Each structure stands twice: as structure tokens, then as C-alpha cells.
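Enquirer: Have a look at the structure that comes next, please.
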Amino acid sequence: LPAAVLLKDTKLMDVKLGQLGSWLAMRDFTPGGILGAFRRGHERYYNKYINVRKGGLGGLSMVLAGYIVLSYMWSYSHI
């Protein structure tokens, strides 16, 4: 990590294992912060897979596959 980048601004994939506790302590776990994280994730997913110039079935098939896995897990409680 460069010295100019603060630990708060680093992405999870760039955080070292020893810094994970302090990085998690800097996260916003209020309902507004969690909602904002879901909103940013949705925008990133939408812009990467759905809102593209030459779209394919990649994004929609991922949503469908996720729905199938979740419904399978909900139907069979022993898993």
C-alpha cells in the first residue's frame, strides 16, 4: 500500500491480514452505512453487467443462478 492511501480508503482485497481488525473498525455499520454499501454494490453490478453497450446474458444469468441456489437452499433445510 502506498503511504498516501489511508487504511480507511483501501479496498478489502488490498488490506493485509494484520490490518483487517482496524480496517473493520473503520467501517460504517449503521443502517445507513449498510444501505449505502448495498446501493454501491448494486450500482457497480448494474454498470458492469447490465448497463453495457454490447450486453450479453452474463449479468442476468448470474442473478438467475443466484436465485436458483437460494431457492434450493430454502427448500431443503437439511443443507
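The values are calculated or read from the model by the stated rules, or taken from the named source; none is laboratory data. For clarity, every value in this text was computed on a predicted model and none was experimentally measured. Note that each Cβ is placed from the backbone with ideal geometry, even for glycine, and that neighbours are counted across all protein chains shown. Ligands, DNA and RNA are stripped out before the accessible areas are found, and what is left, the full protein with its side chains, is counted by its heavy atoms. Shrake-Rupley method; radii C 1.70, N 1.55, O 1.52, S 1.80 Å.
Enquirer: Calculate the spin-label point distance for Arg39 paired with Met26, positioning each point 7 Å from the Cα along the beta-carbon direction, and give it in nanometres.
Expert: 2.2
Enquirer: Let me ask something additional. Lys11 to Tyr46: extension gain in nm, 0.36 nm per residue of separation minus the Cα-Cα distance?
Expert: Gain in length upon complete extension: 10.7 nm.
Enquirer: How large is the accessible surface per residue of the stretch 8-79, computed with a 1.4 Å probe and reported in Å² as a whole number?
Expert: Working: 6530 Å² over 72 residues.
Here the per-residue accessible area is 91 Å².
Enquirer: Something else: Treating the angle as unsigned and between 0 and 90°, give the value, to the nearest 10°, between the Cα long axis of helix 31-45 and the longest Cα principal axis of the chain.
Expert: Roughly 60 degrees, rounded to the nearest 10.
Enquirer: Given that just one value was derived from the coordinates, which of (1) 67; (2) 40; (3) 75 is percent of Cα pairs over 17 Å apart?
Expert: Given (1) 67; (2) 40; (3) 75, the calculated one carries the label (1).
Enquirer: For the Cα atoms of the chain, what angle does the longest principal axis make with the long axis of helix 58-75, in degrees from 0 to 90, nearest 10?
Expert: Tilt relative to the chain: about 80 degrees.
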